[in-house]
Amino acid sequence: MTDEELCQSRMQYIAEGFKKLQNSFIALGDATRQQIIMALLLSDYNGIRVGEITTKTHLSRPAVSHHLKMLKDAGIVSMRRVGTKNYYYVDADESQWRQMAEFTSYIYEVAKDISVHGSCR
């Protein structure tokens, strides 16, 4: 494979990754959702309910519910139901987190390669 073909292949992979992970990056880019994720990370492994998140973030219940739905739909947050109660948590085993980590690591490796060689190659 020539340097130009390798560069095109890398850029294609990165473009596809951005498209595939777009909803996750959008979900993580919002300051309110970042607050919610921090509240979830500070809770225990059982997760916490919407009411507890509202207390920790000083957001309204409808706002928290709206943002949790976006985070859940993006694969960033998981939920488990116990009877009629929903508990939200950040699952380290969630594949979306792993995909984002692998993708950003790939971009980092390409950027390092460019800084060493002066081009995409």
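The values are calculated or read from the model by the stated rules, or taken from the named source; none is laboratory data. What you are looking at is a predicted structure, and each value in this text was computed from that prediction instead of being measured. Cβ atoms come from the backbone with ideal geometry, glycine included; neighbour counts cover every protein chain shown. We work out accessible area using only protein heavy atoms, side chains counted, and drop any ligands, DNA or RNA first. Shrake-Rupley method; radii C 1.70, N 1.55, O 1.52, S 1.80 Å.
The figures follow:
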item: Dipole moment magnitude, nearest 20 debye, the chain about Cα centre, only Lys, Arg, Asp, Glu C-beta charged; result: 760
item: Dipole of the chain, positive end: most advanced residue of ALA39, VAL90, TYR108 [Cβ charges, Cα centre]; result: ALA39
item: HIS58, HIS66, ranked by accessible area, largest first (probe 1.4 Å); result: HIS58, HIS66
item: Debye log10 I(q)/I(0) for the chain, one point scatterer per Cα, at q = 0.09 Å⁻¹; result: -0.35
item: Probe 1.4 Å - accessible area at PHE18, Å² to nearest ten; result: 110
item: Residues in the range 72-100 that a label on PHE25 would reach, taking backbone N under 19 Å of a point 7 Å out along Cα→Cβ; result: 72-77, 95-100
item: Efficiency of FRET from Cβ geometry, LEU6 and ASP44, R₀ 41 Å, rounded to 0.05; result: 0.35
item: Accessible-area order (highest first, 1.4 angstrom probe) of the listed residues ILE114, ILE76; result: ILE114, ILE76
item: Carbon + sulfur, % of accessible area of the chain - ligands and nucleic acids excluded, 1.4 Å; result: 53
item: Most fluctuating residue given options MET11, MET70, MET79, as computed from a GNM of the chain linking Cα atoms under 10 Å; result: MET11
